[in-house]
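Laboratory data are not the source of any read-out in this text; all were calculated from the coordinates shown. All values derive from a computational prediction rather than experimental measurement. We place every Cβ from the backbone using ideal geometry, glycine too, and count neighbours over all the protein chains shown.
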Amino acid sequence: MSSKDEDVVLETATLADRIRDLNAEMRQLRRTDTAALATLGLLHDFNNLVTVILFTSGLLVRTLQDGSKEAGLAVDVRDAAKRTATLARQILNLARGGSIRMCSVDVNGVLDDLRGLLERMVGDDVALTAKLAPDLGFTCIDRDQLEHAIINLAANARDAMPSGGRLMIETANVDVDHDETAEGVAPGPYIVVSVSDTGFGMSARNQGRAFEPFFTTKERGQGLGLGLAMARRFASESGGYVTLTSLPSHGTTLRIHLPRTEEKRIDTPRPPPSVERSGGREKVLLVERDEGVRKAARRVLEQRGYAVVDVGSAADAIAIAERRERIDVVVTELALPVVSGRALVRILSGTYGPLPAVYLSHRGLDARALDEPSAVVVDMPLSPNGFANAVREALDATLADRDRPSPTP
């Protein structure tokens, strides 16, 4: 065999090896894609169940007398549903790669808003203390992801102190130089959020794996091992980083470093879900396939004074338009079959003129993802106040547009 023939044989063998490698990679990708799609489908159903629990428990909290035993039980159910919703969003982020909505955030304000929830979550055996820097700067991050990170870190701390202990949350302004930053992170001004506990602590070996998704030292069924992985991902996507220090039997401290800005607002956030805006007397067309979610959402809106007509499909919604029934705002699933939520609103607008719309998303989308700056998009599941606030926001924005004078030609 000539040297040329040997070269051809060698090249052919190399190509064959590469084809086998590519086939293996393709099989892995198909398995990954299939798992991701299955996860998204299951999460849709899961979110529907959590939404019903959130809405119903929220209605009970609003209805029952403050301080009663029943109201306390309803608060416990509501808080458990909120933590379940947080877990669902984490799994969703892992399944689809995540998306963030950046705005300038007052971190101390977020921690103040979370204080009641965290105290109930960690229980009476854990003393929660907060030391918040009074001159703390602002940071451009996704507020929801910060809340999720703090809740998860507090839950980890609680689980590390089964006999009780101390949970400390601190904030500070720091200036980081080249020697202190993680690889690929720019030096400069940062905000640091520290979460410390007096629990079991971690061995050096476990610290080396602590940020791996689904790594956990807890017993089966006690946790999925997502909290630290999601905290690091959130910090990285925000332009920051995290550090972990821990000693066995001496507790753990996790510090989230977030880029600091002196600008106090670059985006106007919606009112926190704990703050209720006024209700209304307008008529809402609610389009939602899941009967449980539809009933619970209707109760939330009716309790706030709205008239509601609810249907389970785009075809039923279009039939209402054909009968010329009054409609002031449309609340619809974004991912309806056959006719999408966006297409449905366009069809209805052909009858009624421009209609305010609230899109219910199970995939973490926002108005920018839809290229509809005026749209109101809410992630499911959410609290009753968050849901009702979104409806009021859509209506108020439309009224403001109508009242705004036309430009002079």
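Points to keep in mind about this one:
- Karplus-derived HN-Hα couplings along segment 296-301 (A = 6.51, B = -1.76, C = 1.60, θ = phi - 60°), whole Hz, x at Gly and Pro: 5, 5, 4, 4, 4, 6
- Its Cα centre serving as origin, segment 112-196 has a Cβ charge dipole (Lys and Arg +1, Asp and Glu -1) of approximately 380 debye.
- For segment 283-403, the normalised intensity computed at q = 0.16, 0.18, 0.21 Å⁻¹ comes to -0.70, -0.91, -1.31 (log10 of I(q)/I(0), Debye sum over alpha carbons, equal scatterers, no solvent).
- Residues whose placed amide H lies under 5 Å from that of THR139, excluding near-sequence neighbours: VAL105, VAL107, THR261
- Cβ-defined net charge surrounding VAL311, 10 Å radius [Lys, Arg +1; Asp, Glu -1]: -1
- Per-residue ³J(HN,Hα) for segment 65-82, Karplus 6.51 cos²θ - 1.76 cosθ + 1.60, θ = phi - 60°, Hz, x for Gly and Pro: 5, 4, x, 6, 4, 5, 5, x, 5, 5, 4, 4, 5, 4, 5, 5, 5, 4
- Among beta bridges identified by DSSP and lying wholly in segment 283-403, the antiparallel ones come to about 0 percent.
- Unit charges at the beta carbon, dipole of segment 283-403: most positive-side option, VAL391, SER349, VAL287: VAL287
- Built amide H within the under 5 Å cut-off of VAL308, gap 5+: VAL284
- Summed residue charge, Cβ within 14 Å of VAL75's Cβ, Lys/Arg positive, Asp/Glu negative: +1
- Backbone HN-Hα couplings from phi across segment 304-313 [Karplus 6.51/-1.76/1.60, Hz, Gly and Pro as x]: 9, x, 6, 8, 10, 10, 10, 9, x, 7
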